[in-house]
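The values are calculated or read from the model by the stated rules, or taken from the named source; none is laboratory data. Since the model is a prediction, treat every value here as computed from it, not as a measurement. Virtual Cβ from ideal backbone geometry, glycine too; neighbours counted across all protein chains shown. Just the protein is used for accessible areas: all its heavy atoms, side chains included, with ligands, DNA and RNA removed. Shrake-Rupley method; radii C 1.70, N 1.55, O 1.52, S 1.80 Å.
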Amino acid sequence: MFSHALFKRLKSFFSSPKRTALGKYETFREVLRHDQAAHELLAGLEEIYYGKRHEEFCRIIRRYDRLAQVVEEMIECLCRLAPFTHERLRLSFHGLDSRVKALFAPPAASVAPPYILPLSGIAEDTVAVGHKTRALARLSSQLQLPVPNGFAITVNGFHHFLAENGLRARIDDLLCELDLESLDNLQAVSGRLTALISAAPIPADLAAGIDEAFIALEARCGRPLRVAVRSSALGEDEATSFAGQYRSVLQVGQAEILRAYREVLASKYAPEALYYRSCHGLSDMETAMSVLVLEMVEAEVSGVMYTDAVRDSGENREMELSLHVVRGQGEALVSGAVAPEIFRVSRQGEPVVVRQDGASLLDGQQVLQLFRWGLQLERCFGAPQDVEWSMDREGRFHVLQSRTLGRRQTVPDSGLAAAEDIAAVLLLAGGERGAGGIACGRVYALGPDTPLAAMPGGAVLVVRDTPPAYVRVLGRLAAVVAEQGSQACHFATVAREFGVPVLVRIPGATSLLVPGMEVTVDAENGRVYAGRVAELFREPVAGVGTAAPYCLTRLSPVMELVSSLTLLDPRARDFRPESCRSLHDIVRYAHEKAMQEMFVLSGQGFFRRSGAQQLKSALPFELFVLDIGGGLHPEAAGKRRVSPEEVRSLPLRALWQGLSHPGIHWGGRQHFDWQGYEAIVMGGGIAGPNSAALASYAVIGEDYLNINIRFGYHFTIVDAFCGGTPAENYCGLRFVGGGGEYRGRLLRVAFLARILERLGFVVERAADLLDARLIGLAGDALQEKIDLVGRLLGATRLLDMKLKDEEMVVRLADDFLAGRYDFRQQENHGKREPGISP
């Protein structure tokens, strides 16, 4: 960030005989540049992980690849800086890099046949098709349940299709552009991906195999056929349902079969499918697409069967099977376009059919037949099932799909207020729980001027129906209230996975709930209240889907190898390459050894050879300064130690004045009982005065300062120029690291940013890294700001171990701006200085 300006000034300082030393400094400058880049990339990964952000997996891999490249280049620079000294660091890096890449490694992708498999030829261990296909084959062969005739187009066919058209790299490049927080970006990238698939020809051998399989299926059925072409991707209908995220094409004849196949492949990159997969931490390669082709059932009625309740409340859970039934094909049901008839059958004692609201599409015997099948399927697969079925015009049932029922774990609600005890206005009551939970937010209704893309975070979406396309905004939703839809629709299934409450079958919701009004949605009990009903919440509600991103589980072992910092004390015996447990450790080691090589090592250090002098001070840390012209009084020349009074550098004088302010507490020994940080903590959060390895360093001129300050486990660079021309004056600040927990470091950065912005700095933040810059002030005015920066740096030592929450950040920032810099006694501030005017 600041090394370019420093290097220009050093270049003019050194005479020709010292150019070798300058070349060494140029290598050191490369180390610093890589160190800065590595911290920025680490901060980006930490923002995703600790901030619980959804991120496309391909982008995460690219972020890591860039970090690994930067770290490797940093190691090479260190090895040039100190030849034959740190070569073992390469081995540590390659070991860690191999372990991370193994965690990212995609499954093997075969482009070899078979491309087509008959349903009867698929076994439980067939890996070339998805769970949907394997489950149908199993319940047909083992349970002898009626399943439509059909065949599968394998994932080998999908990989063959991509390879023949050279699409893999192009798809990965586009996925790296995907921003899940921007609907416009999601739509645009999706459009480009689906266009790639739609425009690519199907390889001749794959197309011939599909046509031959269709003809053979027609011959087996003995009549002209229409088929359903359905997705059966890897990962679909397993731990992740992908309910409704991929395309199914119905009523397809032989002439349209290749077009339909390509449509299903393209649907892998639909906006909602991209969002769903990325939020679950799955890569594109892990969800390769196989396709299931089934004989079309001319359905009289269709439906979804849940073999148990979708709400699992432990011992007191509801023990019943439910059927959600519509006339004709089931697409209208699962798309949320219509409300189904509902039949319920108790699983306790003798089964009794209960018809909700006079349901009549099935008779009692038909309901009980499906009930018996449901129990068979549950026993077969070892878990409650979500089953799609149809009944043809001859009254014969066909099972179309069976997957594990996605259920939401709940706890007894004895701690919640009873409905009669809630004073808030009840706006709506009734309906059906699509996805359980309680949430509060402001109503958002779709319209010409209020599109889905403009919906703010934490909204309560009020709609007529619930199509699967709404999945792409689940991360912004507090809850959903719909006039149509059902518990069995695909959107409700996915909402249960994401932890977003959904209340369906509420007539009049779109007219009674006014956009912008705050409401509380109690989907557990079918009620919508005006305002926030505090007594319904055990804990503060974040205002968006509460399910943590699934990708965090995937990232956890990666972050252990990338971001964790265990190499803490440069003076420790185990501060060596073999002790590096993460890339962060390697960055720390390389930066530390580069600093020692340049500034510390006896007889070798760049500062030592170039006339650096130690600044004497009452402050308990060590600072060496290198004067490149006018930074010290002439009489200080040749001295090994100089006093602050001998400093002429305007920016250093201003910074030192701030650091030396009487309101800054440097004395005493504050103790935090935190294992592993004893040396720093017992030293008050600064490096010991006799520790050259932990010293700070500055390059100064009369109007220039570049200082690298080390306070314990965080680092600060200040780069400033205070001349006579305001347009040329600037002060830059970089702050990174700390010994506290990640949240404490974030809060300290927020504290710094709040104050620096008040002082007029432009601030950029990424995780626990902060960059700030101020330009264009007159020299005197800029020196006042640098003085305040010095006070700020002195006041914030160990603050990452003290800050607890945002309210404390605001309170202590107000204290600082009012001239109170000692945060040990927050209730008794003593005498106040005049407040600071930003």
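Listed by position, the strands (runs of 3 or more DSSP E) enclosed by segment 725-803 that each have at least 3 residues that are crowded, with 18+ Cβ neighbours inside 10 Å and within 31 Å of the chain's Cα centre (by Cα) are 730-737, 769-775.
Of all the residues in segment 166-194, those that are assigned to a helix (DSSP H, G or I) and among the hydrophobic types (A, V, I, L, M, F, W, C) number 9. Of the residues making up segment 102-110, one or more are among the aliphatic types (A, V, I, L, M), open to solvent by 70 Å² or more (accessible area, probe 1.4 Å) and under 28 Å from Pro203 (Cβ atoms).
Of all residues in segment 734-752, those that are closer than 20 Å to Arg811 by Cα and at pLDDT below 85 have Cβ atoms under 6 Å from Cβ atoms of residues that are of a type outside the set (Asp, Glu) and in a helix (DSSP H, G or I), 6 or more apart or on another chain, in Gly740/Met801. Residue under question is Ser283, and the condition is that it be more than 35 Å from the chain's Cα centre (by Cα), touching a residue at least 60 places away in the same chain (Cβ under 8 Å) and buried (at least 20 other Cβ atoms within 10 Å of the Cβ); does it hold? No; evaluated as a whole, the condition is false for this residue. Annotation: Leu292 fulfils all but one of (1) of a type outside the set (Asp, Glu); (2) within 22 Å of Ile116 (Cα to Cα); (3) not in a strand (DSSP E or B); the unmet one is (3). Could you tell me which residue of segment 15-39 is farthest from the chain's Cα centre (by Cα), considering only residues that are at pLDDT 90 or above and crowded, with 20+ Cβ neighbours inside 10 Å? Only one residue tops the list, namely Val31.
Results for (1) assigned to a helix (DSSP H, G or I); (2) within 30 Å of Val227 (Cβ to Cβ), shown as yes or no for each residue.
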| position | (1), (2) |
| --- | --- |
| His324 | no, yes |
| Ala337 | no, yes |
| Phe343 | no, yes |
| Leu368 | yes, no |
| Cys380 | yes, yes |
| Ser390 | no, yes |
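Restricting the search to segment 217-254, which residues are part of a helix (DSSP H, G or I) and without any contact (Cβ under 8 Å) to a residue 40 or more places away in the chain? The answer is Glu218, Ala219. When each of Arg505, Arg496, Arg472, Arg464 is tested for being basic (Lys, Arg) and in contact with a Pro (Cβ under 7 Å, 6 or more places away or on another chain), the lone residue that passes is Arg472.
Condition check ((1) at pLDDT below 80; (2) more than 20 Å from Glu46 (Cα to Cα); (3) of a type in the set (A, V, I, L, M); (4) buried (at least 18 other Cβ atoms within 10 Å of the Cβ)) across all residues:
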{"position": "Gly508", "(1), (2), (3), (4)": "no, yes, no, no"}
{"position": "Leu513", "(1), (2), (3), (4)": "no, yes, yes, yes"}
{"position": "Val521", "(1), (2), (3), (4)": "no, yes, yes, yes"}
{"position": "Ala534", "(1), (2), (3), (4)": "no, yes, yes, no"}
{"position": "Pro557", "(1), (2), (3), (4)": "no, no, no, no"}
{"position": "Leu565", "(1), (2), (3), (4)": "no, no, yes, no"}
{"position": "Pro577", "(1), (2), (3), (4)": "no, yes, no, yes"}
{"position": "Ser582", "(1), (2), (3), (4)": "no, no, no, yes"}
{"position": "Lys593", "(1), (2), (3), (4)": "no, yes, no, yes"}
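Restricting segment 195-209 to residues that are farther than 15 Å from Glu263 by Cα and part of a helix (DSSP H, G or I), the residue that is least open to solvent (accessible area, probe 1.4 Å) is Leu206. Of all residues in segment 255-282, those satisfying the criterion of being at pLDDT below 95 and assigned to a loop (DSSP other than H, G, I, E, B) are His280, Gly281, Leu282.
Among the residues of segment 282-303, the one identified as more than 19 Å from Tyr261 (Cα to Cα), out of contact with any strand residue (DSSP E or B) (no Cβ under 8 Å at 6 or more places or on another chain) and polar (S, T, N, Q) is Ser283. Residues in segment 681-694: is at least one modelled with pLDDT of 90 or more and open to solvent by less than 50 Å² (accessible area, probe 1.4 Å)? No, because not a single residue in segment 681-694 is modelled with pLDDT of 90 or more and open to solvent by less than 50 Å² (accessible area, probe 1.4 Å).
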